[in-house]
Amino acid sequence: MFHPVVPNNILIHWYDHQKLEDIPEEVFAKIRAGFIAQKTDTPLVSINIIAWNEEANILRNLSSLSAMKSSYPVEFIFVDNNSGDKTSEVIRRCGITPVSETKQGYGFARQTAMEHSRGKYILTGDADTIYPPTWVDCMVNPILAGKGIASFGTYSFIPGSGKIRIRYAFYEIFRNLVHALRNIKHPELVVVGMNFCFPAEEAMKIGFIKSNSRMEDGQMALALLKKGKLIRVTEINSRAWTGTRTVEKSGSFYNIISSRILKESKRISIYFQAKK
C-alpha cells in the first residue's frame, strides 16, 4: 500500500529532544501515566525493546508504547545493551526499570529480554521506532486465530527535517514488492526484529544467536518455520515507523534506490528456490 504521509498517531510521538536534560518533566509524567494504566501482573504479551546509545531517540518509542491500546494484558521489557549515554536514565524517568545486558550484541540483548519476559507471546521492537496504538493486537491476533506460529510486520520511514516523505513512500513500494517475492519461499528473509511476534515457550527452546551480528531475527524465524507458518502482516495499523538513518547509510537517496534495484535484480531468482 502507498502511504504518502506519516499518520497523526505516529507524529504525536516524534519528539526532537536530543538529551535527557532537554526533556520536560510533563512529558515524562504523561508517559509514566500511560504505562501505569497498562500495568498488569498477568501479561499475555511481553513487548521486548533492546537499546544501545539511544538517548536521543528512545523517548519516541517509550511515548508510543505508553499509548498502546490493546485487548490483551501487556508488559514492557527494556534492555540496555551496554549504552555509554543516558539511555537507561530516560527509560527510568518514563517509569520502566531497564534490564542491563553488558555483552554487546543484538542476540545477547534479545535473549536477555526474552528471559525476563512473563508473557505467553513475545513481541520484539527497536528503541528508535514508533508504534501505532493498534500494534499489539494486529500482530497477536493472527497467531491466536491459528493462522501460524508467528507473525512479522513491516515498517515505514519518517523523514528528517528538510526531507520529503513521499519519496520514501515510493521506495517502500519497491521494497514491499521485493519482500512479497521473498515471502513466497523464504519468509525468514523478510522478518525484522523491530516487528516480530512469536510464542515465548517455543522461542526459549530455540534461543537467540549469541553474537553481535544483525541476523538474530532471521535465525529465530528460520527455526520457528520448522514448527509452523510465519504470517506476514502488512496493514497500516501494524506498521512500525522509524527514522531514515539506516536507509541512508549508503549515501544519497537516489544512490540508495539504484543500488537496491541492482542488488535485488541480481539475486531475485533465489527467492523462488526451495530451502536446502
Placing each pseudo-label 7 Å from Cα in the direction of the beta carbon, Leu11 and Lys226 end up separated by a distance in nanometres of 4.7
Phi-derived 3J(HN,Hα) across segment 224-233 with the Karplus relation (6.51, -1.76, 1.60, θ = phi - 60°), rounded Hz, x for Gly and Pro, is 5, 4, 6, 9, x, 7, 9, 9, 8, 10
Taking the chain and counting helices only, DSSP H stretches of n ≥ 4 at -39,500 (n - 2.57) each over all residues, the nearest-500 ellipticity at 222 nm comes to -11500 deg cm²/dmol
Rg (one decimal) and Dmax (whole number) from the Cα set of segment 4-109, in Å, equal 13.9, 40
Output ordering of 176-185, 59-68, 32-41 (per-residue mean of other Cβ within 10 Å, highest first) is 59-68, 176-185, 32-41
Checked against a 30 Å limit on the C-alpha separation, the offending pairs among Lys103/Lys229; Lys19/Lys163; Lys39/Lys227; Lys103/Lys205; Lys30/Lys227; Lys39/Lys226 are Lys103/Lys229; Lys39/Lys227; Lys30/Lys227; Lys39/Lys226
Env charge @ Phe208, Cβ radius under 15 Å, K,R +1 / D,E -1, value -3
Charge tally for neighbours of Glu21 with beta carbon under 13 Å away, counting Lys, Arg as +1 and Asp, Glu as -1, is -2
Protection proxy (average C-beta count within 10 Å per residue), highest first, orders 18-29, 144-155 as 144-155, 18-29
Under the 7 Å Cα-to-Cβ spin-label approximation, Lys163 and Leu144 lie apart by a distance in nanometres of 3.5
The aspartates and glutamates whose Cα lies under 17 Å from the Cα of Lys210, excluding any fewer than 8 residues away in the same chain, are Asp80, Glu101, Glu115
In terms of the alpha carbon gyration tensor, root eigenvalues a ≥ b ≥ c, rounded if a/c is under 1.5 and otherwise prolate when a/b exceeds b/c or oblate, segment 128-223 is prolate
Eigenvalues of the alpha-carbon gyration tensor of segment 48-186, times 5 and square-rooted, give semi-axes in Å, largest first, of 25, 21, 16
Using the Kirkwood formula on alpha carbons, the hydrodynamic radius of the chain in angstrom works out to 19.1
Residues other than Pro142 with Cβ under 12 Å of its Cβ, Lys/Arg counted +1 and Asp/Glu -1, net out at +1
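Read-outs: derived from the displayed coordinates by stated rules, not from any lab. Keep in mind it's a predicted model, so treat the numbers as computed, not measured. For neighbour counting, all protein chains shown are included, and Cβ atoms are generated from backbone atoms with ideal geometry for every residue, glycine included.
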